[in-house]
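K.L.:
Sharing a structure here in structure tokens format.
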Amino acid sequence: MLTPQLLDTLKRRETTLWINPLRSPSRPAFDPALVEQAARRFQRAGGLLARTVRSLAGGDGLVESPLIDAEPLRQALAGEGRWLIKADHRMPLAGSVKARGGFHEVLAYAERVALEAGWDGEDFASLAEPGWRSLFDEHRLIVGSTGNLGISIGLLSRALGFNAQVHMSRDASEWKKKLLRDEGAEVVEHDGDYAVAVQAGRREAEADEHAHFVDDERSELLFAGYAVAGERLASQLSAQGIEVSSKHPLLVYLPCGVGGAPGGITFGLKQVFGESVHCWFAEPVESPSVLVQLAAGLDSPVSVYDVGLDNQTLADGLAVAQASMLASRCMLDSLAGVFTVSDEALRGYLRLAQERLGERLEPSATAGFAGPHWLGEAAGRAWCEANGVDLHAATHVLWSTGGGLVPDEVFAGWVKAEEPE
Ligand SMILES: *Cc1c(COP(=O)(O)O)cnc(C)c1O
């Protein structure tokens, strides 16, 4: 419930931990078969990706990020247990978590266009040949984005020979627009927020039968692509000899915008680990869209504007006022909770990640770093007790969702602004 007390905290832009009262093991709200299909599609498309994406050349074309040790960060933040970073800022080509969902949807579209033109569906790598590329050149992918989804869709579309049109919100940074234009994608700028950009893209695609709209608010292809992360993280943990069980639970902290990426990942992790994994979303104090939607219930859409916030944050990737209803539905009974983070905290984490880990992230990508702290506070400790979670015996995964493509001078600006005058 959006209680008067919760509303008051949100309105004052005070950071908070919201624990999901409805969490219960139940039937999945998304079809697990779609996740298996996505995993197989990535597998089959490896050869195509290795032929068309420079950073994947010579390999098997697997789109994945490393799982790295974050012990120096744990020490700096006085946390407990084992800390790891799931380094999606190192995702190939896109430099963000959006490679998971976005690449999957572009590959699914390539497959569909080719099948309709008579491809036998056997050898994905053959789609890199000139005949198929010139067919793809007659088609267009369209997307609305705060930035990173546009980059993911735009860059892979161009790499495969498709045209791409990216509708950007006013929060989107200049360097992201430039990068896309340099790669031959069309960028359409809007004076409105993320939802305005998405709506504009949706309309443009409706009028063009050779266009496919990637719908960040509703797409099952995106969601399934993100969910493949569950199996992938499970194999990385097992390769590092890390046990996940009720005695050694997995706590995962995910930066959240519209909810699709962290929602898909949570769904995938729940499929693998069930009650041994607990996922928490991190949202900016100005844009707690999933928090307000889950707290208010799913009967009707509720936005952060409705509670008096203005959705202005340094975390441009998380500047979303209205959560995805698809993601909210899937999270209602499986998400542990949501915590909020201030812009100042994001700057601090950004600097820590660079100093202690040598990793360059973007502000949005650090939002999850606040998670372990919240579980050590009163409400978090009570939750741990009720759920039999020992923070000391747990593995904490901070999902670092982006920053891989950030130019030097942009990064320097973020870090510098935090220095005392
Ligand atoms: C998009 C994005 C997220 C969150 O994904 P949603 O699907 O919008 O919830 C988190 N971090 C970064 C860097 C992103 O670009």
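K.L.:
Just subtract the alpha-carbon distance of residue 379 and residue 203 from 0.36 nm times their residue separation and send over the number in nm, one decimal.
P.N.:
Using 0.36 nm per residue and subtracting the Cα-Cα distance, I get 58.9 nm.
K.L.:
Another question, if that's okay. In cubic angstrom, how much convex hull volume per residue do the alpha carbon atoms of the range 331-387 span?
P.N.:
108 Å³
K.L.:
Calculate one ³J(HN,Hα) per residue across the range 122-131 by plugging θ = phi - 60° into the Karplus curve 6.51 cos²θ - 1.76 cosθ + 1.60, and present them in order as whole Hz with x for glycine and proline.
P.N.:
Each residue's phi maps through the Karplus curve to give 7, 10, 4, 4, 5, 5, 7, 7, x, x Hz.
K.L.:
Another question about this same structure. Output ³J(HN,Hα) for the range 150-158: one whole-Hz value per residue in order, computed from phi by the Karplus curve 6.51 cos²θ - 1.76 cosθ + 1.60 with θ = phi - 60°, and x for Gly and Pro.
P.N.:
Here the 3J(HN,Hα) series is x, 5, 4, 5, x, 5, 5, 4, 5 Hz.
K.L.:
If contacts are Cα pairs under 8 angstrom and at least 6 residues apart, what is the relative contact order of the range 43-124 in percent?
P.N.:
Answer for the range 43-124 is 25 percent.
K.L.:
Per-residue counts of other Cβ atoms within 10 Å, averaged by peptide: what ranking do you get for 143-152, 247-256, 47-56, highest first?
P.N.:
143-152, 247-256, 47-56
K.L.:
Expressed in whole Å with the largest first, what are the equivalent ellipsoid semi-axes of the range 82-233 derived from the C-alpha gyration tensor as the square root of 5 times each eigenvalue?
P.N.:
23, 21, 14
K.L.:
Could you give the dipole magnitude of the chain about its Cα centre, charging the beta-carbon of Lys and Arg +1 and that of Asp and Glu -1, in debye to the nearest 20?
P.N.:
Its charge dipole is roughly 680 debye.
K.L.:
To continue, here is another question. For the chain, what is the calculated [θ] at 222 nm in deg cm²/dmol (nearest 500), taking -39500 (n - 2.57) for each run of four or more DSSP H residues and dividing by its residue count?
P.N.:
-12500 deg cm²/dmol
K.L.:
Further question: By its C-alpha gyration tensor, with a ≥ b ≥ c as the square roots of the eigenvalues, how is the range 235-386 shaped: rounded for a/c under 1.5, else prolate for a/b larger than b/c, else oblate?
P.N.:
oblate
K.L.:
Using the Cα centre of the range 187-257 as the reference point, and only Cβ charges (+1 on K/R, -1 on D/E), how large is the resulting charge dipole? Debye, rounded to the nearest 20.
P.N.:
600 debye
K.L.:
So for the chain, what are the equivalent ellipsoid semi-axes in whole Å, largest first, each being the square root of 5 times an eigenvalue of the Cα gyration tensor?
P.N.:
33, 23, 21
K.L.:
State to the nearest 20 debye the size of the charge dipole of the range 40-143 about its Cα centre, where the only charges are +1 on K and R beta carbons and -1 on D and E beta carbons.
P.N.:
The calculation lands at about 340 debye.
K.L.:
Describe numerically, in nm with one decimal, the distance between label points set 7 Å from Cα along Cα→Cβ at residue 115 and at residue 298.
P.N.:
Result: 2.7 nm between the two label points.
K.L.:
Okay, next question. Ordering 68, 265 by how much accessible area each has at a 1.4 Å probe, largest first, what is the list?
P.N.:
So, going from the largest accessible area down, we get 68, 265.
K.L.:
Continuing with this model, one more query. Toward the positive end of the charge dipole of the chain, about the Cα centre and with charges on Cβ (Lys, Arg +1; Asp, Glu -1), which of 342, 73, 21 goes farthest?
P.N.:
Value computed over the given set: 73.
K.L.:
Taking Cα pairs under 8 Å and at least six residues apart, what relative contact order does the chain come out at, in percent?
P.N.:
22 percent
K.L.:
Would you rank 71, 122, 220, 64 by solvent-accessible area, highest first, keeping every protein chain in place and using a 1.4 Å probe?
P.N.:
122, 220, 71, 64
K.L.:
When we measure straight from the Cα of residue 176, which lysines land under 22 angstrom away, once same-chain ones fewer than 8 places off are left out?
P.N.:
In chain and number order, the partners are 98, 416.
K.L.:
OK, next. Extent of the range 266-346 along each principal axis, from alpha carbon coordinates, in Å, largest to smallest?
P.N.:
36, 31, 16
K.L.:
Using a 1.4 angstrom probe with every protein chain in place, what is the largest-first accessible-area order of 112, 218, 202?
P.N.:
The most accessible residue leads, giving 218, 112, 202.
K.L.:
Once the dipole of the range 204-281 is set up with Lys and Arg at +1 and Asp and Glu at -1 on Cβ about the Cα centre, which of 228, 263, 277 lies farthest towards its positive end?
P.N.:
So the residue furthest toward the plus end is 277.
K.L.:
For the range 297-421, calculate the relative contact order in percent as a whole number, restricting contacts to Cα pairs under 8 Å that are 6 or more residues apart.
P.N.:
23 percent.
K.L.:
Listed highest first by mean packing, meaning other Cβ atoms within 10 Å per residue, what order do 316-327, 157-168 come in?
P.N.:
316-327, 157-168
K.L.:
Separate question: Sort 228-239, 86-97 for me by packing, meaning the mean count of neighbouring Cβ atoms within 10 Å per residue, highest on top.
P.N.:
86-97, 228-239
The values are calculated or read from the model by the stated rules, or taken from the named source; none is laboratory data. Source: prediction; values computed, not measured. Glycine also receives a Cβ, built like all others from the backbone with ideal geometry; neighbour counts cover every protein chain displayed. Just the protein is used for accessible areas: all its heavy atoms, side chains included, with ligands, DNA and RNA removed. Shrake-Rupley method; radii C 1.70, N 1.55, O 1.52, S 1.80 Å.
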